[in-house]
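This report concerns only the one structure given below.
The values are calculated or read from the model by the stated rules, or taken from the named source; none is laboratory data. Keep in mind that what you see is a predicted model, and the values were worked out from it rather than measured. Here Cβ is always computed from backbone atoms with ideal geometry, including for glycine, and neighbour counts include all displayed protein chains. Accessible surface areas use protein heavy atoms only, side chains included; no ligands, DNA or RNA. Shrake-Rupley method; radii C 1.70, N 1.55, O 1.52, S 1.80 Å.
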Amino acid sequence: MQPLPSFYDPQRIGTLFLPDTARIAAEADAAGLSPASQDARRVHLLLIDMQVDFCHEAGSLCVPGALGDVQRVIEFIYRHAGQITQITCSLDSHLPSQIFSPNWWADAEGHHPAPFTIVSAQEVASGRWQPLFEPDWSRDYVARLEQEAKKLLTIWPYHVLIGSPGHMLDPDLWSAVTWHALARRTQPRWQSKGSEPRTEHYSIIQPELPVPGMVDGGRNQALLDELAQADTILIAGEAMSHCVLETVEDIVEAFSGRPDLLRRVHLLTDCTSPVVHPEIDFRAIAVARLAEFERAGVRMVDSTEVDLV
């Protein structure tokens, strides 16, 4: 098992700083690991939205427990770097005005809904909430969301706005991903999602409802094809109740009928946490859905118990 590099300081996790890339590169060279291209077994680590706004206590949509998740993922990467072939990091990437943002909607007095407000199609039809952008699309969207996806629109705090510090990967995690790339002579994959204003986009695979003609508005078949080439797929990130859950659900759907592929999927259960909502028990919802995926073949494992040999 690979030792932790000297530049890694777990006490620093949750703070903002500029990583020392030259030192990271020097220690990556000194690690003496073989190139990822020589791996007999391909292990693909998929990290979902482990960004400052979700993982740091000062983040605008901090997920309770996320800092511990980040530390466990970092140490998992360092200790198993010789077995991890590919790392893909998704970056939730939003604009100031999107269909789940407070400023997209207003009541008759012009007040915006508070974060965590649930907007139903009935409330939109009655005028309780009125769309200030794309009115026809927005009314149709909330109705289709309920009919097709069986979900209600959630209003979120402004988060992971492109160009903001909250959008960046946790710096210590970025350091680990970069160290792995340099040590194994491979490239990390950065997967942006969520920049199409007219739809929610929790899953790294596809948005809640497709937006025809938009680059970020459909299914990510290229990533699915890449995952299908792996012998082991490891998934971690935030939040267990939303972006991680939706990603696993889409992978299960895409690989349905292929039990051999589903058995390759492992969720690192100690490296993901659910959103806490004042009224909705998202943890219970996530646990129930993940149990269904486990019955389909997905493996739920602790990061300290994964066998990559």
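Structure values in brief
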read-out: Restricting the stretch 1-27 to residues that are part of a helix (DSSP H, G or I) and over 26 Å from the mean Cα position of the chain (by Cα), the residue that is nearest to Y78 (Cα to Cα); value: E27
read-out: Pairs, first on the phi > 0 side of the Ramachandran plot in the stretch 164-191, second open to solvent by less than 10 Å² (accessible area, probe 1.4 Å), C-beta under 8 Å, six or more apart; value: R185/A36
read-out: Breaking point among (1) surrounded by fewer than 18 Cβ atoms within 10 Å (Cβ to Cβ); (2) not in a loop (DSSP other than H, G, I, E, B), for L223; value: (1)
read-out: Segments classed as helices (runs of 4 or more DSSP H), wholly inside the stretch 56-152, with at least 2 members that are over 30 Å from Y8 (Cβ atoms); value: 121-126, 135-148
read-out: Neighbours by Cβ (under 8 Å, 6+ apart or cross-chain): first from the stretch 130-154, in contact (Cβ under 8 Å) with a residue 40 or more places away in the chain; second of a type outside the set (A, V, I, L, M, F, W, C) and assigned to a helix (DSSP H, G or I); value: L153/Y141
read-out: Residue match in the stretch 14-21 (condition: open to solvent by less than 20 Å² (accessible area, probe 1.4 Å), hydrophobic (A, V, I, L, M, F, W, C) and modelled with pLDDT of 95 or more); value: no
read-out: Tabulated pairs, the stretch 266-289, first within 17 Å of D49 (Cα to Cα) and open to solvent by 60 Å² or more (accessible area, probe 1.4 Å), second among the hydrophobic types (A, V, I, L, M, F, W, C) and at pLDDT 95 or above, C-beta under 8 angstrom, 6+ apart or interchain; value: T269/M300; T269/V301; V276/V63
read-out: So W179, is it in a helix (DSSP H, G or I) and surrounded by 14 or more Cβ atoms within 10 Å (Cβ to Cβ); value: yes
read-out: Candidate set: the stretch 226-261, residues that are assigned to a loop (DSSP other than H, G, I, E, B), open to solvent by 20 Å² or more (accessible area, probe 1.4 Å) and free of Cβ contacts under 8 Å to residues at least 40 places away in the same chain; chosen: the one farthest from V43 (Cα to Cα); value: G257
read-out: Test for W190: is it of a type in the set (A, V, I, L, M, F, W, C) and open to solvent by 10 Å² or more (accessible area, probe 1.4 Å); value: yes
read-out: Single condition I204 does not satisfy, out of (1) in a loop (DSSP other than H, G, I, E, B); (2) more than 24 Å from P96 (Cα to Cα); value: (2)
read-out: Candidates S97, S120 - the one that is without any contact (Cβ under 8 Å) to a residue 40 or more places away in the chain, out of contact with any strand residue (DSSP E or B) (no Cβ under 7 Å at 6 or more places or on another chain) and either of a type in the set (D, E) or over 30 Å from W179 (Cβ atoms) (or both); value: S120
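Results for (1) within 17 Å of D92 (Cβ to Cβ); (2) assigned to a helix (DSSP H, G or I), shown as yes or no for each residue.
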| residue | (1), (2) |
| --- | --- |
| W174 | yes, yes |
| A183 | no, yes |
| S195 | yes, no |
| T199 | yes, no |
